[in-house]
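Only one structure is covered here, and it is reproduced in the block below.
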Amino acid sequence: MLLNAKQISRLKAALFVLALLPFLRLAAFVALDKLGANPIEFITRNTGDWTLYFLCITLGVTPLRKLLQWPWLIRMRRMFGLYVFFYASLHFLTFIWFDHFFDWQEMWKDVLKRPFITVGFTCFVLLTPLAITSTNGMIKRLGGKRWQWLHRLVYVIAPLAILHYTWMKAGKHDFAQPFLFGLVVAALLLLRLWWRWSGRAAAAVAHPGV
């Protein structure tokens, strides 16, 4: 499926609005006092879940582009990546605001004491430079190769995010969702490894001895 520039812009705008809907729904729930008996847990789980959803969507852009032969799809990846950071920021803000009321000392103690929070905090720290360097200007400043190497941190962030989610769910012995997320992330990462390995193998056959 080929799209022209106008169609791509319209689709991107539509996807932008759709990606914002979970936040608008959450804001409406807050305004209407529909967060249930434990509002902090509701917000924490909701923002965390949507961070993982958009992380999987972002990782899925390149495989879908290759499998479906939709080159324009790559134009959506940066937007989805920024939505990962947006929902992760809301998730982190919930932690420092509602859980700790901006008591940085207590927050830091919690980060060091509880492994699943340590991993989650690490994910947010690693996501931050990816968001900061997502502009065209930063790509030019860093150079294409350095920018690509930096943004490969997403391959570290994704497994850590699954680990964070799994440990968080471990308290209730609820592993169904973490397992599903883990399968999706593993499949997307293994597909990339397979393509890289097969590409190198094909190059070695085409140019033996090089």
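Every read-out reported here was derived from the displayed coordinates using simple, explicitly stated rules and does not represent laboratory data. Keep in mind the model is a prediction, meaning the values are calculated, not measured. Ideal geometry is used to build each Cβ from the backbone, glycine not excepted, and the neighbour counts take in all protein chains shown.
Points worth noting:
- Annotation: lysines with alpha-carbon distance below 20 angstrom to LYS66 (same-chain offsets under eight excluded): LYS12.
- Relative contact order for the range 1-104, counting Cα pairs under 8 Å that sit 6 or more residues apart, in percent: 31
- By the rule of a C-alpha distance below 26 Å, with chain neighbours fewer than 8 residues away ignored, the lysines paired with LYS113 are LYS169, LYS172.
- Simple spin-label estimate for LEU190 and LYS140 in nanometres, 7 Å along Cα-Cβ: 4.2
- Extension gain, ILE74 back to ASN4 (0.36 nm per residue minus Cα-Cα distance, nm): 23.8 nm
- Among ALA186, ALA31, ALA19, the residue with the largest mean-square fluctuation in a Gaussian network model of the chain, with springs joining Cα atoms closer than 10 Å, is ALA31.
- Taking the empirical scaling 2.2 N^0.38 Å for compact globular proteins as reference, the range 72-153 has a Cα radius of gyration ratio of 1.30.
- A straight Cα-to-Cα reach below 13 Å connects LYS109 with the aspartates and glutamates ASP99, residues fewer than 8 places away in its own chain not being considered.
- Largest GNM mean-square fluctuation across ARG192, ARG146, ARG78, computed for the chain with C-alpha springs under 10 Å, falls on ARG146.
- Computed across the range 21-194, the Kirkwood radius stands at 17.3 Å (inverse of mean 1/r, all Cα pairs).
- Using alpha-carbon coordinates, inclination of helix 176-206 to the longest axis of the chain, degrees: 20
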